[in-house]
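Undergrad: A single structure is presented below for examination.
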Amino acid sequence: MLKSFFWMCSGADPDLLSASPKSEQIKYAGIGGTVFFTVLMAFIASGYALYTVFDNIPVAIGFGFIWGLLIFNLDRFIVSSIKKREDKMDEFMQALPRILLAVIIAVVISKPLELKIFEKEIDRVLLEQKNEMTLANQEQVGLIYADAIAAKKSEMEALTLNITNKEAQVDTLYDTYIAEAEGREGTKLLGKGPVYAEKRAKHDAMLSELMTMKDEAKVAELTLEQELSQLELAESTHLAETQPIIDGFDGLMARINALGELPWMPSFFIFLLFLAIETSPVFAKLMTPAGVYDIRYADAEEAVATWAAQKKHQRLALLNADSALNKKVYASVQEEEESYHYKKQQARALLRFQADAFLEEQKGLVKG
């Protein structure tokens with residue numbers, strides 16, 4: 001049962017193999033086993049790769065199974081289509097396109113398993129990349145809102161500076177009218193005279209302006225604080241919306257790129273392993289000498305080709321004979337006087353019939 005299954009995997013003819021020596025049966029069972037296990041590895045590799053894409057086990061298994069069937073069909077075709085020839089170079093040139101195809105398949109099925117084998121190292125590289133992307137994202141989002149936030153803070157500082165300047169002016173006027181009252185400055189007269197009253201009125205007016213400015217500044221500062229809070233909230237919301245995209249930076253392409261950041265030697269040896277597995281059936285067919293099965297298979301193909309050539313030759317001979325006979329028959333008929341007179345009589349009758357029909361048609365047009 002298992003031997004028949006591996007024969008089927010190798011693409012060999014089971015009837016010819018059953019009549020071949022045991023060594024031939026073992027050889028093709030080994031080739032079929034190699035094809036089967038290559039397909040199994042392809043199924044596992046593609047299933048994992050698709051799981052990283054869809055994050056869904058049933059979908060990954062389904063697509064992995066389809067991919068495994070595709071690889072099975074290709075490998076089986078590659079192995080079964082290589083024919084043994086006397087010239088080894090011709091045989092190698094026949095297998096060269098299939099070897100190139102095997103290399104491509106080896107690359108495809110080895111890469112997902114490399115991702116799984118080096119999963120921890122890839123996670124470390126992805127973490128570093130995510131941290132760098134997070135810092136870059138914060139910087140970029142900060143640049144979007146930096147000008148607006150700086151403008152609001154500048155307006156708040158301007159309000160504070162205006163109030164400070166106004167307070168300084170009020171303090172200066174206060175010191176001026178106090179010094180006038182004490183006789184230290186101005187008129188140098190002690191007491192509250194007209195000059196004192198004038199300076200006191202100027203101070204009081206400036207103080208009233210300061211109080212009004214403070215009230216207006218409180219309202220403006222409250223508005224600016226609200227606008228600044230809204231800008232900071234928008235910046236935080238922007239960061240919160242973009243961060244999940246960075247956190248989800250864990251797809252197949254990201255992992256392949258992260259794998260490229262790791263040392264190449266381990267990945268290269270894993271690729272060589274799968275390349276050896278994938279090309280082993282091809283090289284097994286190339287390196288082994290032609291056996292009983294190959295001789296019988298070539299004989300069967302040659303018998304079919306000879307039978308087809310014979311049928312083609314017979315059909316061609318039949319066609320040539322029939323053409324020669326037809327040519328001779330019609331040449332003989334052409335020389336018979338009786339056939340000439342009969343043909344002439346029929347032509348004359350046809351011409352009369354056409355003339356009568358044309359006359360009747362013209363009569364109908366005249367009457368109409």
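The values are calculated or read from the model by the stated rules, or taken from the named source; none is laboratory data. Since the structure is predicted, the reported quantities are computational estimates derived from the model, not experimental observations. Note that each Cβ is placed from the backbone with ideal geometry, even for glycine, and that neighbours are counted across all protein chains shown.
Undergrad: Restricting to region 1-36, and then to whatever is touching a Gly at 6+ places or on another chain (Cβ under 6 Å), touching a residue at least 40 places away in the same chain (Cβ under 8 Å) and not polar (S, T, N, Q), can you tell me which residue is farthest from Asp299 (Cα to Cα)?
TA: Cys9
Undergrad: Got a number for residues in region 202-259 being farther than 30 Å from Leu161 by Cβ and of a type outside the set (Ser, Thr, Tyr)?
TA: 21
Undergrad: Hey, another quick one. Just to check your reading of the model, which residue among Ala217, Ala240, Ala197, Ala201 is among the small types (Gly, Ala, Ser), assigned to a helix (DSSP H, G or I) and touching a residue at least 24 places away in the same chain (Cβ under 8 Å)?
TA: Criteria check complete, one pass: Ala217.
Undergrad: Can you name every residue in region 126-147 that is surrounded by 15 or more Cβ atoms within 10 Å (Cβ to Cβ) and either modelled with pLDDT of 85 or more or at positive phi (or both)?
TA: Leu126, Gln129, Lys130, Met133, Thr134
Undergrad: Is there any pair with a first residue in region 87-106 that is in contact (Cβ under 8 Å) with a residue 40 or more places away in the chain and on the phi < 0 side of the Ramachandran plot and a second that is surrounded by 11 or more Cβ atoms within 10 Å (Cβ to Cβ) and among the charged types (D, E, K, R) whose Cβ atoms are under 6 Å apart and which are 6 or more apart or on different chains, and what are they?
TA: Close Cβ pairs (under 6 Å, with a partner that is surrounded by 11 or more Cβ atoms within 10 Å (Cβ to Cβ) and among the charged types (D, E, K, R)) amount to Glu91/Arg85; Ala102/Glu278; Ile105/Glu278; Ala106/Glu278.
Undergrad: Given the conditions (1) modelled with pLDDT under 80; (2) outside the structural domain of Ala49 (by TED's automatic domain parsing), report the number of the one that Pro244 does not fulfil.
TA: (1)
Undergrad: Return yes or no: is Arg255 surrounded by 13 or more Cβ atoms within 10 Å (Cβ to Cβ) and out of contact with any Ser or Thr (no Cβ under 9 Å at 6 or more places or on another chain)?
TA: So Arg255 does not fit the description; no.
Undergrad: Need a quick list: helices (runs of 4 or more DSSP H) entirely within region 1-83 having at least 1 residues that are within 19 Å of Ile99 (Cβ to Cβ) and of a type outside the set (Phe, Trp, Tyr).
TA: Fully inside region 1-83 and qualifying: 2-10, 22-54, 57-80.
Undergrad: Among the residues of region 94-109, is any assigned to a helix (DSSP H, G or I), within 14 Å of Phe37 (Cα to Cα) and modelled with pLDDT of 80 or more?
TA: No: zero hits.
Undergrad: Suppose we keep only residues that are among the small types (Gly, Ala, Ser) and over 13 Å from Phe63 (Cα atoms) within region 32-50. Which one would you say is surrounded by the most Cβ atoms within 10 Å (Cβ to Cβ)?
TA: Ranking the candidates gives Gly32 first.
Undergrad: Considering only residues that are among the aromatic types (Phe, Trp, Tyr) and touching a residue at least 40 places away in the same chain (Cβ under 8 Å), look in region 284-324 and name the one that is farthest from Ser81 (Cα to Cα).
TA: Residue satisfying both the conditions and the ranking: Tyr293.
Undergrad: Let me ask something else about it. Looking at Asp90, Asp171, can you tell me which residue is of a type in the set (Asp, Glu), assigned to a helix (DSSP H, G or I) and not assigned by TED's automatic domain parsing to the domain that holds Gly68?
TA: Exactly one residue qualifies, and that residue is Asp171.
Undergrad: While we're looking at this one, here's another question. In a helix (DSSP H, G or I), closer than 27 Å to Ala60 by Cα and at pLDDT below 80, is that true of Ile270?
TA: Judged against the criteria, Ile270 is not a match.
Undergrad: Check Ile66, Ile26, Ile44 and return the single one that is within 15 Å of Ala284 (Cα to Cα) and not basic (Lys, Arg).
TA: Step by step, each of Ile66, Ile26, Ile44 is checked, and only Ile26 is within 15 Å of Ala284 (Cα to Cα) and not basic (Lys, Arg).
Undergrad: What about Ile109, is it of a type outside the set (Gly, Ala, Ser), in the same structural domain as Leu272 (by TED's automatic domain parsing) and within 15 Å of Met287 (Cα to Cα)?
TA: For Ile109, the condition - of a type outside the set (Gly, Ala, Ser), in the same structural domain as Leu272 (by TED's automatic domain parsing) and within 15 Å of Met287 (Cα to Cα) - is not met.
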